[in-house]
Structure formats: structure tokens, C-alpha cells
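See below for the structure under consideration.
The values are calculated or read from the model by the stated rules, or taken from the named source; none is laboratory data. Quick caveat, the model's predicted, so the values are computed rather than measured. Every residue, glycine among them, receives a Cβ derived from its backbone with ideal geometry; neighbour counts consider all protein chains shown.
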Amino acid sequence: MAAPDYFEFLGLPRRLNLDAAELQRRFYALSRELHPDRFSRAPAAERERALSASAVLNDAYRTLRDPIARAEYALGGAGDTEQPPPELLEEVFEANEALADSDADEIAAAHRRFSALLAETDTSLPALFARYDEGEPAAADEIRAALARRRFLKKLVGRLENV
């Protein structure tokens, strides 16, 4: 059986910018309707369907309420996060050297730089999401690239913080 589409399951349009209050309202309404306790006296198959639907509902809500997770879900993932974005290759190489050398000043500078790039990427996403929602064909690929860049930067910033 194919996994249900989270947008469809919640009766929402397949958009990256969602009304958070509407999402929450639909979640609570479906939670009341599908809660397994409502089916405690039902046949076993019906109880199992309610339990399964409740699990899907919780996964859908958890995914769709977070803009990044929602975009990754809608677009099928964030792309390759192991390779640094080509425009950052030299800086990533220098950061890795600083980590290997345990150079605290260079590590701190790299942390500031990559944290700023992460924030810049996050700031760019709402406009990209709006373009996608308006049906612009190139937006999906640009969002995938931005999400891959974001995931890579977040991982690198985490490594720099944990030194």
C-alpha cells in the first residue's frame, strides 16, 4: 500500500507556504475524528485502521508544520548533502584544515562565516517557496539546491561548534 500524501490527508493544498493556524485546526479536527480511543469497541481491523491513520496524521502534522521539513517532503528530499556547494569548496577546505590543526581562531572565524551563510540561505527560502507556490518551473530545482546547501552548512556549523 502506498503511503498517503500528507497534504491530501490533511485536505491542504500542495504548497510550501501554508497557513499554520489552518494546518493546526485540521490536525485537531482529524485527531478527534481518528483517535484510536473512539474505536475501542470496534472490530480489530477498524481499530488497526484508526491506529494507522492516527500515526499518519501525527507524522503529517510534524512534517508539514516545519517549513524546511515541508519543503523537503514536497520536493522529495534535500538533495546531496555530502558534497560542499561548489562555490564554497575552498572555504570548506580551509575550515577542515583549521579543524585538523585545532586552530581556535580560524575555527571561530569559519563558524561565524558558515553560520552567516546558513542564515542567508534560510532568509532566501520564503521567496523561493512563494515562487514555487506561484507555479514557477525553475523554483523547485532552486529550492532543492538551497535545501542541500542548508543541510550541508548546518552539518558543518555543527561540526565547528563541537570542537
Q) So how many residues does the range 108-140 have that are within 16 Å of residue 68 (Cβ to Cβ), among the hydrophobic types (A, V, I, L, M, F, W, C) and surrounded by fewer than 16 Cβ atoms within 10 Å (Cβ to Cβ)? A) 3
Q: Determine whether the range 34-50 contains at least one residue that is in contact with a helix residue (DSSP H, G or I) (Cβ under 9 Å, 6 or more places away or on another chain), surrounded by 13 or more Cβ atoms within 10 Å (Cβ to Cβ) and among the polar types (S, T, N, Q).
A: no
Q.
Among the residues that make up the range 40-59, is at least one of them within 30 Å of residue 157 (Cβ to Cβ) and either in contact (Cβ under 8 Å) with a residue 24 or more places away in the chain or in the same structural domain as residue 127 (by TED's automatic domain parsing) (or both)?
A. yes
Q | the range 72-107, residues that are of a type in the set (A, V, I, L, M), more than 27 Å from the chain's Cα centre (by Cα) and surrounded by 11 or more Cβ atoms within 10 Å (Cβ to Cβ) | A | 98, 99, 107
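Inspect all residues belonging to the range 137-152 and state whether any of them is aromatic (Phe, Trp, Tyr), at pLDDT 90 or above and more than 29 Å from residue 27 (Cα to Cα). If you could, list the steps in order and put the result at the bottom.
Of the range 137-152, the ones aromatic (Phe, Trp, Tyr) are 152.
Of the ones still in play, those that are also at pLDDT 90 or above are 152.
Cutting the leftovers down to more than 29 Å from residue 27 (Cα to Cα) gives us 152.
Yes, some residue in the range 137-152 is aromatic (Phe, Trp, Tyr), at pLDDT 90 or above and more than 29 Å from residue 27 (Cα to Cα).
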Q. Hey, does the range 80-100 have a residue that's touching a helix residue (DSSP H, G or I) at 6+ places or on another chain (Cβ under 8 Å), within 30 Å of residue 18 (Cα to Cα), outside the structural domain of residue 30 (by TED's automatic domain parsing) and modelled with pLDDT of 90 or more?
A. no
